[in-house]
Amino acid sequence: MCPGSFDPVTHGHLDIIGRSSHLYDEVVVAVLINKSKASLFSVEERIDMLREVTSEYGNVRVDSFYGLLVDYCRSHEIPVVVKGLRAVSDFDYELQMAQMNHDLAGVETMFMATNPTYSFLSSSLVKEVANFGGDVSGLVPAYVLERLLRRLAERR
Ligand code: PNS
């Protein structure tokens, strides 16, 4: 399981998803439905982008979930969550979530060190930079870039 908000998916996410797909028989990429967090793209749009950019991986499936991650894992018999760690600053909160998820349902978390090329990357920064005209073409797949620029233009 590779969970996240994916608003939108970046090369950093894809790095973790692609490497996970080589390690595990099947990978589920699951978009959190979070009604209290404003997003640039709807859940359906995020799923569509994820499906497009992961289509080369035969063992990756994209889905969404609402509520607790461990409930989704339990109901789909998923034993492992993979999380990318960009820097030490990610670690505290990720460790807390990993321990909670293990305590709640015995779900294991595997931390994968991100490719250093993407260690500064986040969806939030991509959106902010793109919104002010910065070049994010090296940070997201071309399909996502096109949709991102279109959405930001619509919002102006
Ligand atoms: O891309 P994000 O926003 O950093 O992803 C965070 C996510 C979705 C992985 C995390 O918030 C999560 O698992 N949320 C589901 C709700 C849940 O299970 N909360 C308890 C965590 S211990």
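The values are calculated or read from the model by the stated rules, or taken from the named source; none is laboratory data. Predicted, not measured: the structure shown is a model, and the values here were computed from it. Counting neighbours? That spans all protein chains shown, and the Cβs are built from the backbone with ideal geometry, glycine included.
Being more than 27 Å from Val70 (Cα to Cα) and either of a type outside the set (Ser, Thr, Tyr) or surrounded by 14 or more Cβ atoms within 10 Å (Cβ to Cβ) (or both) holds for only one residue in Ala105, Ala153, and it is Ala153.
Looking at the range 85-97, can you tell me whether even one residue there is among the hydroxyl-bearing types (Ser, Thr, Tyr), modelled with pLDDT under 95, out of contact with any Cys (no Cβ under 8 Å at 6 or more places or on another chain) and part of a helix (DSSP H, G or I)? It would help to see each step written out before you state the result.
To start, the set of residues in the range 85-97 that are among the hydroxyl-bearing types (Ser, Thr, Tyr) comprises 89, 93.
Within this subset, residues satisfying the condition of being modelled with pLDDT under 95 are 89.
If we keep only those that are out of contact with any Cys (no Cβ under 8 Å at 6 or more places or on another chain) too, we end up with 89.
Going one step further and asking which of them are part of a helix (DSSP H, G or I), we end up with 89.
Yes, because at least one residue in the range 85-97 is among the hydroxyl-bearing types (Ser, Thr, Tyr), modelled with pLDDT under 95, out of contact with any Cys (no Cβ under 8 Å at 6 or more places or on another chain) and part of a helix (DSSP H, G or I).
Filtered by the rule that a residue be within 23 Å of Asn101 (Cβ to Cβ) and not polar (S, T, N, Q), the range 46-68 gives Arg46, Ile47, Leu50, Val60, Arg61, Val62, Asp63, Phe65, Tyr66, Gly67, Leu68. If I go through the range 8-61 residue by residue, how many of them are touching a residue at least 60 places away in the same chain (Cβ under 8 Å) and either assigned to a loop (DSSP other than H, G, I, E, B) or over 25 Å from Ala153 (Cβ atoms) (or both)? Final tally of qualifying residues: 9. Residues that are surrounded by 13 or more Cβ atoms within 10 Å (Cβ to Cβ), of a type in the set (Lys, Arg) and within 13 Å of the ligand (Cβ to nearest atom) within the range 24-82 comprise Arg46, Arg74, listed in sequence order. Against the conditions (1) small (Gly, Ala, Ser); (2) in contact (Cβ under 8 Å) with a residue 24 or more places away in the chain; (3) more than 10 Å from the ligand (Cβ to nearest atom), Ser122 satisfies every one except (3).
Residue pairs whose Cβ atoms lie under 7 Å apart, sitting 6 or more positions apart in sequence or on different chains, and linking a residue in the range 91-112 that is without any contact (Cβ under 8 Å) to a residue 24 or more places away in the chain and within 13 Å of Pro3 (Cα to Cα) to a partner that is within 11 Å of the ligand (Cβ to nearest atom) and of a type outside the set (S, T, N, Q), are Glu94/Lys83.
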